[in-house]
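For reference, the structure discussed in these notes is given below.
The values are calculated or read from the model by the stated rules, or taken from the named source; none is laboratory data. In this text, all values refer to a predicted model and were calculated from it rather than measured experimentally. Ideal geometry is used to build each Cβ from the backbone, glycine not excepted, and the neighbour counts take in all protein chains shown. The accessibility values were calculated without ligands, DNA or RNA, using every heavy atom of the protein model including side chains. Shrake-Rupley method; radii C 1.70, N 1.55, O 1.52, S 1.80 Å.
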Amino acid sequence: MGTSQEKLHFLSRGNPIVNCLSSNYKKMRVFLLILGLLMLKFSFAQPYSQTIRGSISDKILNKPIAMATVQVVGTEYGTQSDAQGQFQFPKLPVGTYHLLISAVGFKTYQLPQVLLNAGKEVVLSIQLEEEFKQVKEIKIKGGRKKNSPLNELSMVSARVFSVEETQKYAAAVNDPARMATNFPGVQSGDDGNNQIVIRGNSPSGLLWRMEGIDIPNPNHFAVPGSSGGGISILSTQLLSNSDFITGAFAAEYGNALSGVFDLRLRKGNNQHREYALQAGLLGLNIAAEGPFRKGYEGSYLINYRYSTLSLLNNLGLNLTPFVTNFQDYNYHLVLPTRKAGTFSLFGFGGWSNQFYQAKKDSSLWKTTEERYNDDFYGNTFVNAVAHSIHLGERHLLKTNLALSSYRAGYQRSYTENDYSTLRLYNQGYRSSRLTLNTSLNTKLSSRFMLRSGLQLNHYQFRFDEEVRPSLQGSLDTVLDMENSTQTAQVYSQLQWKAHAKLSATLGLHSLYLHLNQHYSLEPRAAVRYELHPRHTFTLGYGLHSQMQSWGVYYAMVETPQGTSYPNKNLAFSKAHHAVLAYQFAVRKNLRLKTEFYYQQLFSVPVSVYDSSRFSAINMSYDMVRMPLRNKGLGRNYGVEISLERYLDKGFYYLMTTSLYQSEYRANNGQWYNSRYNGNRLANVVAGKDFVSANQRRTFGLNIRAVYAGGYRSTPINTVASQQRGETIYEEDRSYRIQLPDYFRADLRLSMKWNRSRRTSTLSLDIQNVSNRKNIYDRYFDVNTGEVKTWYQTGIIPVLNYKIEF
């Protein structure tokens, strides 16, 4: 236990990136001066032009819509889509535009705040929803509501998020997970990490998807079983508008209990080559996109990033005692054919490691801690091929085949007086997954749409762990296993549009694990009623299940009879989700939304011992060391209220508040607060763009403030911990202590300016601008024999410069 805690403390002393920045923030003051001088430099210019173009298709079958009218509101510009659904506005002056798209038989679609810069064409992919017609052929006019999910089957607790939000929100730093902490009921699990807590659930309950397939945790410095890490591997150069869901998921989403990131990728420019260069404290990026050849509709889009800290370390400029390295790539290749459908290749990969080496000079060792050597690495890869094809007039078939892998390891050693090293701890984790995913969209009529699908996974994994209990002890193997297994997920969901104001979905999801023959059948349902164009009610329900992590299934326990794996036959953790939502359109760009939710968790793994209060509900990563059984319960319930002003005339804001309760029942039958039961959460995020008269320069000011009740902590028995040399908790007081309330304010300053065929952006994000010392938890330091406070990260400045051309 003590060695494992030291490992987690090493990894969690803060994000290895932001920890460095936090400790050196005073050196960043000069960048504020540079930012101000550059703002003064670019003060006079002339307007430039660029192209807005795109494609228009129907939402269900993705077929091109010809003769659709596209108008630029407030101007004389207008055009129609061709037979392939393509439209184009060449040489528009740079600025912000509002597009209005209409077509016979489809709902009118409005696309406000289309930002056009000189350095990059705007290429849009617009999908229109078929207009509902009653028996008397009375047409109902309407359009897609702002921030409604891209997946039309996600009717509750779901919203679309844009790449612009990940770039604009203060302290989001191009990270979808950090951006999501601005949404109702979502908060950070730890400032030094981008794991997120949704409605009191453990961060491990989150599902990541990309282009319809489940993907491994897409973050650097991720530990086994987690859903986040130090910094995202994903590049905003490739991401398109995507969905984020926090409860009562549609039938196509499985193996998750708290939330879903349903990521979509944009296509590269298939007419012109474009490039982007980016330099900042989080890395050096280069992106390229364009057509494979003239006249072919295919395109490529690639991005590569190399850590700035790695570069500085290679130059001998180490800003901290730790050496931190990471690099990553993202790509998306689109290959359409005339008759065989469209093929695409996509994926990402990331390498990361951080290590500390004791100085080979004993006179510099002031504490025992300085004699330890720590080394952590984590590598994640996904490579996939996708295919879509229309089967007749009413069917769209999509198929994906993907290979993904994740490797991580941690070693700790002790430096002897003669500078030789003694290994104290070694952990290795390797897993790979081969995934086949297929889905079929069927348009039964203007009232009914059916989506069905299948996902098959083949897993291979290996764990090994060695521990030396003391400097005088031997290095013991506590885990050494290798295995493989398979899972299958099948789903089907029907959408019914009863009439223009009432629509409903009904679905069923199933999950099967071959390892122990467990399966789950999960009904899903939702209904939406538009009482009035300004008042909408939604009700949703879903039964959801999630497999345990491999580190739980293969917890190795030594008994007098030998080694055993007592958790191998654990069933899935399950939860009933129920959500009631009401949305009020206060004004054109102002929405008030309220959601009431109740989540009843059951079949949750808890310790078999009555003296232990352990429950998997409180896990966020790593493995267990005890036998468990599916007797635990949990409940999360609360209300979320949000008021959002959509970006209009350069101004936006989002204010949210959540009141909630998160509890669990241990094996002794008693109820306790969960680790993440903060009870209250409030967010304010806002921003304003100040645009010059000729649309050439834009100055951005974005702010964010978050207030939340503190997480829960279990008191540490100091005397027992000192006697045993490891952390001993007061089990009868599990999560009895609530940590002090959390508060943080963030600031983002940016300046964007256009030149002929290029756009430059200089930005400075300052996380925790007041440098408040929020408390994350308390821990027992085995080296000093004392209980210490574990603080969250302080002020973190992140400077970034990007040029697109």
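Closer than 21 Å to SER204 by Cα, in contact with a strand residue (DSSP E or B) (Cβ under 6 Å, 6 or more places away or on another chain) and modelled with pLDDT of 95 or more: does that describe LEU539?
Values: closer than 21 Å to SER204 by Cα: no; in contact with a strand residue (DSSP E or B) (Cβ under 6 Å, 6 or more places away or on another chain): yes; modelled with pLDDT of 95 or more: yes.
No.
Pairing each residue of region 296-317 that is without any contact (Cβ under 8 Å) to a residue 40 or more places away in the chain with any residue that is among the β-branched types (Val, Ile, Thr), provided the two are 6+ apart or on different chains, yields C-beta distances under 6 Å for GLY298/VAL334; SER299/VAL334; TYR304/ILE286; ASN313/VAL323. Give me the pairs, please: first residue somewhere in region 408-423 and farther than 13 Å from TYR356 by Cβ, second residue anywhere and open to solvent by 80 Å² or more (accessible area, probe 1.4 Å) and in a loop (DSSP other than H, G, I, E, B), beta-carbon distance under 9 Å, and either six or more positions apart or on two chains. Close Cβ pairs satisfying both conditions: TYR419/LYS360.
Look at (1) more than 27 Å from LEU450 (Cα to Cα); (2) at pLDDT below 95 and you find that HIS514 fails only one, number (2). If we keep just the residues of region 794-805 that are in contact with a Phe, Trp or Tyr (Cβ under 9 Å, 6 or more places away or on another chain) and under 19 Å from LEU282 (Cβ atoms), which is surrounded by the fewest Cβ atoms within 10 Å (Cβ to Cβ)? Per the stated criteria, the residue is ILE803.
Filter region 722-736 for residues that are open to solvent by less than 60 Å² (accessible area, probe 1.4 Å) and either among the aliphatic types (A, V, I, L, M) or without any contact (Cβ under 8 Å) to a residue 60 or more places away in the chain (or both) and give the result. Passing the criteria: ILE728, GLU730. Residues of region 492-517 being of a type outside the set (Ser, Thr, Tyr), open to solvent by 40 Å² or more (accessible area, probe 1.4 Å), without any contact (Cβ under 8 Å) to a residue 40 or more places away in the chain and not in a loop (DSSP other than H, G, I, E, B), which ones? Scanning region 492-517 gives LEU502, LEU506.
What residue, among those in region 305-349 that are out of contact with any Ser or Thr (no Cβ under 9 Å at 6 or more places or on another chain) and assigned to a strand (DSSP E or B), is nearest to ASN219 (Cα to Cα)? If we take residues in region 305-349 being out of contact with any Ser or Thr (no Cβ under 9 Å at 6 or more places or on another chain) and assigned to a strand (DSSP E or B), then TYR306 is nearest to ASN219 (Cα to Cα).
Please determine, by comparing only the residues of region 90-112 that are of a type in the set (Gly, Ala, Ser) and within 30 Å of PHE448 (Cα to Cα), which one is most open to solvent (accessible area, probe 1.4 Å).
Here is the first cut: in region 90-112, the residues of a type in the set (Gly, Ala, Ser) are 95, 102-103, 105.
Checking which are within 30 Å of PHE448 (Cα to Cα) leaves us with 102-103, 105.
Details: SER102: 41, ALA103: 16, GLY105: 18 Å².
If we take residues in region 90-112 being of a type in the set (Gly, Ala, Ser) and within 30 Å of PHE448 (Cα to Cα), then SER102 is most open to solvent (accessible area, probe 1.4 Å).
Yes or no, residue by residue, for (1) more than 14 Å from the chain's Cα centre (by Cα); (2) among the small types (Gly, Ala, Ser); (3) not in a helix (DSSP H, G or I):
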{"residue": "PRO184", "(1), (2), (3)": "yes, no, yes"}
{"residue": "TRP208", "(1), (2), (3)": "no, no, yes"}
{"residue": "VAL223", "(1), (2), (3)": "yes, no, yes"}
{"residue": "SER235", "(1), (2), (3)": "no, yes, yes"}
{"residue": "GLY247", "(1), (2), (3)": "yes, yes, yes"}
{"residue": "VAL260", "(1), (2), (3)": "no, no, yes"}
{"residue": "GLY268", "(1), (2), (3)": "yes, yes, yes"}
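If only residues of region 34-65 that are open to solvent by 50 Å² or more (accessible area, probe 1.4 Å), over 26 Å from ASP648 (Cβ atoms) and part of a loop (DSSP other than H, G, I, E, B) are counted, the one that is modelled with the lowest pLDDT is PHE44. Of the residues examined, LEU434 is one that is in contact with a His (Cβ under 9 Å, 6 or more places away or on another chain) and surrounded by 14 or more Cβ atoms within 10 Å (Cβ to Cβ). Among the residues of region 75-89, those identified as surrounded by fewer than 18 Cβ atoms within 10 Å (Cβ to Cβ), closer than 28 Å to THR337 by Cβ and touching a residue at least 12 places away in the same chain (Cβ under 8 Å) are GLN80, ASP82, ALA83, GLN84, GLN86, GLN88. Which of the residues spanning region 94-106 are within 16 Å of MET67 (Cβ to Cβ) and either part of a loop (DSSP other than H, G, I, E, B) or of a type outside the set (Phe, Trp, Tyr) (or both)? Matches in region 94-106: LEU100, ILE101, SER102, ALA103, VAL104, GLY105. For the list (1) under 24 Å from the mean Cα position of the chain (by Cα); (2) farther than 29 Å from TYR97 by Cβ; (3) surrounded by fewer than 21 Cβ atoms within 10 Å (Cβ to Cβ), I need the number of the one condition that PHE602 fails. For PHE602, the exception is condition (1).
Would region 288-299 turn up any residue that is of a type in the set (Gly, Ala, Ser), outside any loop (DSSP other than H, G, I, E, B) and over 25 Å from SER760 (Cβ atoms)? Explain how you work it out, then say what you get.
Restricting attention to region 288-299, the residues satisfying the condition of being of a type in the set (Gly, Ala, Ser) are 288, 290, 295, 298-299.
With the extra rule that they be outside any loop (DSSP other than H, G, I, E, B), the set shrinks to 288, 290, 299.
Going one step further and asking which of them are over 25 Å from SER760 (Cβ atoms), we end up with none.
The answer is no, given that none of the residues of region 288-299 is of a type in the set (Gly, Ala, Ser), outside any loop (DSSP other than H, G, I, E, B) and over 25 Å from SER760 (Cβ atoms).
Take the residues in region 605-621 that are open to solvent by 10 Å² or more (accessible area, probe 1.4 Å) and of a type in the set (Val, Ile, Thr); name whichever of them is farthest from ASN667 (Cα to Cα).
Among residues in region 605-621 that are open to solvent by 10 Å² or more (accessible area, probe 1.4 Å) and of a type in the set (Val, Ile, Thr), the one farthest from ASN667 (Cα to Cα) is ILE617.
Just one of (1) of a type outside the set (Val, Ile, Thr); (2) farther than 27 Å from ARG407 by Cα; (3) part of a strand (DSSP E or B) fails for SER352. It is (2).
Could you list, in sequence order, all residues of region 317-352 that are charged (D, E, K, R) and either open to solvent by 10 Å² or more (accessible area, probe 1.4 Å) or over 26 Å from the mean Cα position of the chain (by Cα) (or both)? Listed by number, the residues that qualify are ARG338, LYS339.
Working carefully through the options SER413, SER363, find the one that is open to solvent by 10 Å² or more (accessible area, probe 1.4 Å), out of contact with any helix residue (DSSP H, G or I) (no Cβ under 7 Å at 6 or more places or on another chain) and not in a strand (DSSP E or B).
SER363
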